[in-house]
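Read through the structure below, which is laid out as structure tokens, and then see the notes.
The values are calculated or read from the model by the stated rules, or taken from the named source; none is laboratory data. None of these values were measured; they are calculated from a predicted model. Ideal geometry is used to build each Cβ from the backbone, glycine not excepted, and the neighbour counts take in all protein chains shown.
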Amino acid sequence: MKEGLRQDRAGSVFKALRSLLPVLVILALIAAVPLFSPSNRFLSLAISAGINVIALYGLSVLFGQTGILSMGHAALVGVGAYAAAILARDFGVGFWAALPAAALASAVFAMIVGIPSLRVGGHHFVIMTFAFGQLLAIVLTNGGDYTGAATGLDLAGPVTLFGADMSDLTRYYLMVVAFVTSAAVASWAIINSSYGRTLRAIRENEKLAASLGINVGRHKIGAFVVSGIFAGISGVLLAYFLGHISPSQFSSFPSIYLALMVMIGGARLIEGPLAGGILVAFLPEVLNLDPVQSRIVYGVCLIAVIMLLPDGLIGGIVRALRAAFSGKPKQETQQRGAAEAQR
């Protein structure tokens with residue numbers, strides 16, 4: 001019996017590792033992009049997409065695993081960005097020391113926001129997080145010289161690693177890819193841990209989870225804190241990449257774009273945040289769209305995903321491939337695809 005349990009456990013571990021392999025392969029291909037001498041514009045877009053993907057992996061833990069959609073996630077990114085800028089300006093703290101400090105600041109802010117917000121659920125929670133995002137933008141705008149007011153703060157400190165200047169666009173790109181890889185692995189580890197299974201139990205049936213002795217409130221706040229850590233790291237990378245930050249970058253409307261990305265890509269699969277971040281970043285460039293046209297296309301994509309691909313783009317592709325190669329009835333294939341997305 002013990003041998004059977006050991007084999008089942010080994011099979012589960014192998015299956016979990018197999019789910020991570022496609023993401024690692026894709027990221028390895030993305031890391032090889034500089035070999036083809038891309039333009040600076042392409043690298044800049046790719047860096048911006050990668051920074052968003054890091055935040056999206058945190059949002060996928062909150063939304064995909066716990067079932068909580070936050071419309072204030074950009075505010076957590078902003079806390080990390082402003083923490084890095086203020087630490088550099090007032091205390092001379094560099095990039096690598098600012099990373100853990102900013103991640104901690106965003107996590108604490110997430111906990112402060114989460115404790116009152118998670119007392120409500122559904123659309124009430126969405127409205128409250130939206131309001132917190134707007135409130136942070138107002139505070140930053142009226143923060144005077146300390147926050148740079150409406151004009152924001154400059155951040156021009158160097159980023160070095162083992163003596164190498166990482167401010168070079170290609171090196172910064174590779175560094176962001178490394179952070180995206182770390183975020184994907186961390187998200188995968190959370191999804192396949194006992195903690196991840198607990199979060200999914202809360203997502204599927206909160207009352208049943210509570211009746212089994214799960215502290216639902218504490219785990220929800222914990223998921224919010226975890227998403228804050230990802231957002232804080234994303235904020236530091238964004239601040240040092242742009243060299244300037246302002247309150248408008250972290251209001252509730254950028255949060256809507258983050259939610260759009262994770263919903264289009266698929267929040268429950270490890271490939272989803274990566275696909276959503278890349279698609280939303282590069283779609284206007286590929287189709288040569290202006291900002292207004294981009295918003296229209298994003299809205300159409302979101303409606304299409306909600307109506308036709310509830311598991312996101314990646315979940316829909318997986319389901320279509322199963323239907324094409326399994327030869328089984330369509331209804332059974334859809335049920336298996338939905339079950340795989342829930343796991």
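Being assigned to a helix (DSSP H, G or I), surrounded by 15 or more Cβ atoms within 10 Å (Cβ to Cβ) and not hydrophobic (A, V, I, L, M, F, W, C) is a property that Gly299 lacks.
Looking at Arg268, Arg203, Arg197, Arg218, just one residue is assigned to a helix (DSSP H, G or I) and either in contact (Cβ under 8 Å) with a residue 24 or more places away in the chain or crowded, with 24+ Cβ neighbours inside 10 Å (or both), and that residue is Arg203. Of all the listed residues (Ala150, Ala131), the sole one being hydrophobic (A, V, I, L, M, F, W, C) and under 18 Å from His244 (Cα atoms) is Ala150. For the stretch 59-76, the criterion of being on the phi > 0 side of the Ramachandran plot and touching a residue at least 40 places away in the same chain (Cβ under 8 Å) is met by at least one residue. In a helix (DSSP H, G or I) and within 30 Å of Ile47 (Cβ to Cβ): does that describe Ala210? Criteria not met by Ala210. Contact map, the stretch 90-119: first residue over 21 Å from Ala223 (Cβ atoms) and in a helix (DSSP H, G or I), second residue modelled with pLDDT of 90 or more and of a type in the set (Phe, Trp, Tyr), Cβ cut-off under 6 Å, separation 6 or more or different chains; pairs are Phe95/Tyr240. Specify which of the listed residues (Leu99, Leu136) is farther than 25 Å from Val159 by Cα and under 20 Å from the mean Cα position of the chain (by Cα). That would be Leu136, the only listed residue that is farther than 25 Å from Val159 by Cα and under 20 Å from the mean Cα position of the chain (by Cα). The residue list Ser211, Ser187 contains one member that is under 13 Å from the mean Cα position of the chain (by Cα) and of a type in the set (S, T, N, Q), which is Ser187. Note on the stretch 55-80: residues that are within 11 Å of the chain's Cα centre (by Cα) and of a type in the set (Gly, Ala, Ser) total 5.
Matching residues to (1) surrounded by fewer than 17 Cβ atoms within 10 Å (Cβ to Cβ); (2) in contact (Cβ under 8 Å) with a residue 12 or more places away in the chain:
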{"position": "Pro273", "(1), (2)": "no, yes"}
{"position": "Leu283", "(1), (2)": "yes, yes"}
{"position": "Val292", "(1), (2)": "yes, no"}
{"position": "Ile306", "(1), (2)": "yes, yes"}
